[in-house]
1. Taking every pair of alpha-carbon atoms in region 106-211, what share in percent sits in each 5 Å bin, from 0 to the bin with the longest distance?
2. Per residue and in Å³, how big is the convex hull formed by the alpha-carbon atoms of region 165-306?
3. Beyond 22 Å, what percent of the Cα pairs of region 105-353 remain?
4. For each of 177, 342, count neighbouring Cβ atoms within 10 Å of the residue's Cβ, then give the residues from fewest to most.
5. Roughly how far apart, in whole Å, are the Cα centres of region 218-236 and region 270-325?
6. Using a 10 Å cut-off on Cβ atoms, rank the peptides 156-165, 283-292 from the highest mean neighbour count down.
7. Going highest first, how would you order 203-216, 94-107, 134-147 by mean Cβ packing within 10 Å?
8. Fully extended, how many nm does the chain gain between residue 94 and residue 290 (0.36 nm per residue separation, minus their Cα-Cα distance)?
């Protein structure tokens, strides 16, 4: 009897079947295999366990990523923050005078109106001022001029001070800012005449400058601190504000507290216009109703009534630069809590001076 052909022998058939089974193990699964796997995963307990496992994996990856970001990018100091947010295209244009780097006393004269004159005899003439109706005919122009003169006098007395006239382009009919008009008035009256002549590369009085973006009294204070940093490369250890006596409480009790500047290093010099008793009483009541009381309910002036005043005083849509030039104040500049009375708790450059 002849032997069976090799391809039809039982042993060959068995080997072929085994080979096919092995081949299926290392090739794409069949539809039946996929369905079986899905039925396995869809079992209630296994699906729940898989979901928990995936969520835990994603949470772990997210945590590791956040920790890596924090420890790799968090600046070690305020100076590191400044380098991070100040583009080299800006820094390369800044060359501070060495005599300004040691200044530590900020003197602020907040703006209240805009002088459009050009000669000394225009200073006290209301025709050369952009005024609100309530500022007319009650000695306001004389009071503003006294603020400017007193600020200059204080700066002349203290060689470690920087005088900042603060106020933005708040009037629709004006092409300049409150601060620039105050500086022009001071120069027109030759208020810096007793100061030694400055080198040709410096302004007539290097320790006086302008802050041209503030839209209200809170910003007069905060933005002037930022401007001091722009000019000197540091923040002041003392602050003096020259303004109306009736606004003393607003600055001392509210604005200073809102930015947490040390009370013992903050001074307010109050001057009043020579008004009659009735006018003075109306002015104090107006300050309480439209200034002091609104800020008690909205410390940072960024809600409702006070925000509307800021918008009305910014007809030319000006943007301040202090997120870049004073990055240490970014948190405070952007602070607008849903509870308007919540004090900012982040780090501030003057924390160490307390």
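Any read-out appearing in this document is the output of simple, stated calculations on the displayed coordinates, not a laboratory observation. Please read these numbers as outputs of a predicted model, since none were measured by experiment. Positions of Cβ are generated from backbone atoms using ideal geometry, with glycine treated the same way; all protein chains shown enter the neighbour counts.
1. 2, 13, 24, 25, 19, 11, 5, 2, 0
2. Expressed per residue, the convex hull around the Cα atoms of region 165-306 is 156 Å³.
3. Numbers: 16400 of 30876 pairs.
Cα-Cα pairs of region 105-353 separated by over 22 Å account for 53 percent.
4. 342, 177
5. Their Cα centres are 19 Å away from one another.
6. 156-165, 283-292
7. Working: 203-216: 21.5, 94-107: 15.4, 134-147: 17.9.
Sorting 203-216, 94-107, 134-147 by mean packing, highest first, produces 203-216, 134-147, 94-107.
8. 66.6 nm
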